[in-house]
1. Can you work out the PRE-style zone for ILE82? Point 7 Å along Cα to Cβ, and I want the residues of the range 58-73 with backbone N under 17 Å.
2. What is the chain's relative contact order, in percent, from Cα pairs under 8 angstrom and six or more apart in sequence?
3. Run the helix sum for the chain: -39,500 (n - 2.57) per DSSP H stretch of 4+ residues, divided by residue count, reported at 222 nm to the nearest 500 deg cm²/dmol.
4. Viscosity 1.306 mPa s, temperature 10 °C: what is the translational diffusion coefficient of the chain from Stokes-Einstein with a Kirkwood Rh over Cα pairs, rounded to a whole number of µm²/s?
5. Taking a probe of 1.4 angstrom, what is the accessible area of PHE48 in Å², to the nearest 10?
6. For the Cα atoms of the chain, what angle does the longest principal axis make with the long axis of helix 60-93, in degrees from 0 to 90, nearest 10?
7. Would you work out what percent of the accessible area of the range 1-74, with all protein chains in place, is carbon or sulfur (probe 1.4 Å)?
8. Let me know the charge dipole size of the chain about its Cα centre in debye, to the nearest 20, where only the beta-carbon of Lys, Arg (+1) and Asp, Glu (-1) is charged.
Amino acid sequence: MKYFAQYNNDCVIFAVSQSIEAPAGDKVIEVNGYEVLGSKFHPDTGDFERIPAPNPRPSVEEKLQEEIEILKQADLDNKETIAGLIQLVISQQNV
(Lines give C-alpha, C1' and ligand atoms only; values in the text may rest on other atoms or scores of the structure.)
Protein backbone atom coordinates (compact mmCIF):
# COMPACT_ATOMS: atom_id res chain seq x y z
CA MET A 1 0.00 0.00 0.00
CA LYS A 2 1.12 3.50 -0.81
CA TYR A 3 -0.03 6.95 0.24
CA PHE A 4 -1.21 9.40 -2.41
CA ALA A 5 -1.99 13.06 -1.91
CA GLN A 6 -4.19 15.27 -4.04
CA TYR A 7 -3.63 19.01 -4.21
CA ASN A 8 -5.69 21.90 -5.54
CA ASN A 9 -4.81 24.82 -7.84
CA ASP A 10 -3.13 26.60 -4.90
CA CYS A 11 -0.98 23.48 -4.35
CA VAL A 12 -2.56 22.82 -0.95
CA ILE A 13 -2.94 19.15 -0.17
CA PHE A 14 -6.60 18.51 0.57
CA ALA A 15 -6.73 14.70 0.56
CA VAL A 16 -4.45 11.80 1.37
CA SER A 17 -5.48 8.24 0.69
CA GLN A 18 -3.88 4.85 1.09
CA SER A 19 -4.16 2.67 -1.97
CA ILE A 20 -2.35 0.28 -4.27
CA GLU A 21 -2.82 2.63 -7.23
CA ALA A 22 -2.83 6.40 -7.46
CA PRO A 23 -6.24 8.05 -7.78
CA ALA A 24 -7.09 9.44 -11.19
CA GLY A 25 -6.10 13.06 -11.72
CA ASP A 26 -3.19 15.20 -12.70
CA LYS A 27 -2.58 16.73 -9.27
CA VAL A 28 -1.69 13.54 -7.42
CA ILE A 29 1.66 12.72 -5.81
CA GLU A 30 2.98 9.83 -3.80
CA VAL A 31 3.75 10.77 -0.18
CA ASN A 32 5.02 9.06 2.99
CA GLY A 33 1.86 9.42 5.04
CA TYR A 34 -1.02 11.55 6.25
CA GLU A 35 1.19 14.20 7.91
CA VAL A 36 1.31 16.23 4.66
CA LEU A 37 -2.44 16.85 4.74
CA GLY A 38 -3.08 20.60 4.76
CA SER A 39 0.47 21.42 3.66
CA LYS A 40 1.43 23.42 0.62
CA PHE A 41 3.22 21.38 -2.02
CA HIS A 42 5.93 23.01 -4.13
CA PRO A 43 5.90 21.07 -7.43
CA ASP A 44 9.17 22.63 -8.61
CA THR A 45 11.15 21.34 -5.60
CA GLY A 46 8.94 18.54 -4.28
CA ASP A 47 8.98 20.15 -0.82
CA PHE A 48 6.08 20.55 1.57
CA GLU A 49 5.40 23.69 3.58
CA ARG A 50 3.26 23.52 6.69
CA ILE A 51 0.53 26.11 6.60
CA PRO A 52 -0.04 27.50 10.09
CA ALA A 53 -3.47 26.81 11.46
CA PRO A 54 -5.69 29.85 11.74
CA ASN A 55 -6.18 31.26 15.19
CA PRO A 56 -9.16 29.59 16.74
CA ARG A 57 -12.14 31.76 17.40
CA PRO A 58 -12.25 32.87 21.03
CA SER A 59 -14.69 31.00 23.21
CA VAL A 60 -17.68 32.71 24.80
CA GLU A 61 -15.85 32.74 28.13
CA GLU A 62 -12.81 34.43 26.59
CA LYS A 63 -14.99 37.05 24.89
CA LEU A 64 -16.80 37.73 28.17
CA GLN A 65 -13.50 38.05 30.02
CA GLU A 66 -12.27 40.58 27.44
CA GLU A 67 -15.49 42.58 27.76
CA ILE A 68 -15.24 42.52 31.56
CA GLU A 69 -11.68 43.89 31.36
CA ILE A 70 -12.84 46.65 29.00
CA LEU A 71 -15.71 47.55 31.33
CA LYS A 72 -13.39 47.58 34.36
CA GLN A 73 -11.06 49.97 32.54
CA ALA A 74 -13.99 52.17 31.49
CA ASP A 75 -15.23 52.20 35.09
CA LEU A 76 -11.77 53.22 36.31
CA ASP A 77 -11.58 55.94 33.64
CA ASN A 78 -15.01 57.23 34.69
CA LYS A 79 -13.99 57.34 38.35
CA GLU A 80 -10.84 59.26 37.46
CA THR A 81 -12.88 61.69 35.35
CA ILE A 82 -15.39 62.21 38.15
CA ALA A 83 -12.58 62.75 40.68
CA GLY A 84 -11.05 65.34 38.34
CA LEU A 85 -14.37 67.14 37.98
CA ILE A 86 -14.87 67.18 41.76
CA GLN A 87 -11.39 68.68 42.22
CA LEU A 88 -12.18 71.31 39.57
CA VAL A 89 -15.45 72.25 41.29
CA ILE A 90 -13.75 72.48 44.69
CA SER A 91 -10.91 74.60 43.31
CA GLN A 92 -13.46 76.94 41.65
CA GLN A 93 -15.31 77.35 44.95
CA ASN A 94 -12.09 78.39 46.72
CA VAL A 95 -11.38 81.15 44.23
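The values are calculated or read from the model by the stated rules, or taken from the named source; none is laboratory data. Since the structure is predicted, the reported quantities are computational estimates derived from the model, not experimental observations. Reconstructed Cβ throughout: ideal geometry from the backbone, glycine too, with neighbour counts over all protein chains shown. These accessible areas exclude ligands, DNA and RNA; they are computed on the full protein's heavy atoms, side chains included. Shrake-Rupley method; radii C 1.70, N 1.55, O 1.52, S 1.80 Å.
1. 71-73
2. 19 percent.
3. Helix contribution divided over all residues of the chain: -13000 deg cm²/dmol.
4. Rounded, D is 86 µm²/s.
5. 80 Å²
6. Roughly 20 degrees between the two axes.
7. 54 percent
8. Using Cβ point charges on Lys, Arg, Asp and Glu, the chain gives about 80 debye.
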